[in-house]
Amino acid sequence: MTSNAGSDKIADNFSKMTAQNSTEMLMKTKDEVQKALREKFAPEFLNRIDEIVFFHPLTLENVHQIATMKLSTIFDHFRNQYKELIIEDSAMFELCKIGYDYEYGARNLERVLRRKLLDKLAQMEL
């Protein structure tokens, strides 16, 4: 289960983070996110959660890695047919930019990959 509760605090604090204040900013961010969680969710719900894990915001490079992993089965499919699928880095980064949103992360990535790439590949194979 994931939530974007407090993601605005994370984005704001990470933009202000330096090597000198990183520990302080991380603690401040954690406190602000926990407050946002308490404002968004009922205590009864939060008490049922075993652990809360805080993630750093994704970079475009992270999203590229996620896209590559999601497409690995497609690459394998083509390889098994003695074909090679080549996606230029510029095209892959463009797909990643479309599928990534700072606030919502890579949630839209799979939809973008399917719509912009996989559906067209399926039509070509038919």
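The values are calculated or read from the model by the stated rules, or taken from the named source; none is laboratory data. Note that the coordinates shown come from a computational prediction; the quantities given were computed from them, not determined experimentally. Cβ coordinates were reconstructed from backbone atoms using ideal geometry, including for glycine residues, and neighbour counts include every protein chain displayed. Heads up: the accessible areas ignore ligands, DNA and RNA and are worked out on the full protein's heavy atoms, side chains in. Shrake-Rupley method; radii C 1.70, N 1.55, O 1.52, S 1.80 Å.
General remarks:
- For the chain, the Kirkwood radius over C-alpha pairs fed into Stokes-Einstein at 10 °C and 1.306 mPa s yields D = 92 µm² per second.
- Long pairs among K70/K97; K16/K116; K40/K70; K83/K116, criterion Cα-Cα beyond 27 Å: K16/K116; K40/K70
- Working from label points 7 Å from Cα in the Cα-to-Cβ sense, the L26 to Y82 distance is 5.3 nm.
- In the assembled protein chains, F14 presents an accessible area of approximately 50 Å² (probe radius 1.4 Å).
- Rolling a 1.4 Å probe over the heavy atoms of the protein chains gives the chain an accessible area of 75 Å² per residue.
- FRET efficiency for K116 and T18, using Cβ-Cβ distance with R0 set to 30 Å, rounded to 0.05: 0.20
- For region 69-126: span of alpha carbons on each principal axis (Å, largest first): 40, 21, 17
- Stretching the chain fully between E61 and N4 yields a gain of 18.5 nm (0.36 nm per residue, less the alpha carbon separation).
- Charge tally around F41: other residues with Cβ under 12 Å, Lys/Arg +1 each, Asp/Glu -1 each, net +2.
- Ligands, DNA and RNA left out, the accessible area of the chain computed with a 1.4 Å probe is 53% carbon and sulfur.
- Relative packing of peptides 79-91, 59-71 - highest average C-beta neighbours within 10 Å first: 59-71, 79-91
- Computed over neighbours whose Cβ is under 14 Å from that of M69, the net charge equals -2, Lys and Arg +1, Asp and Glu -1.
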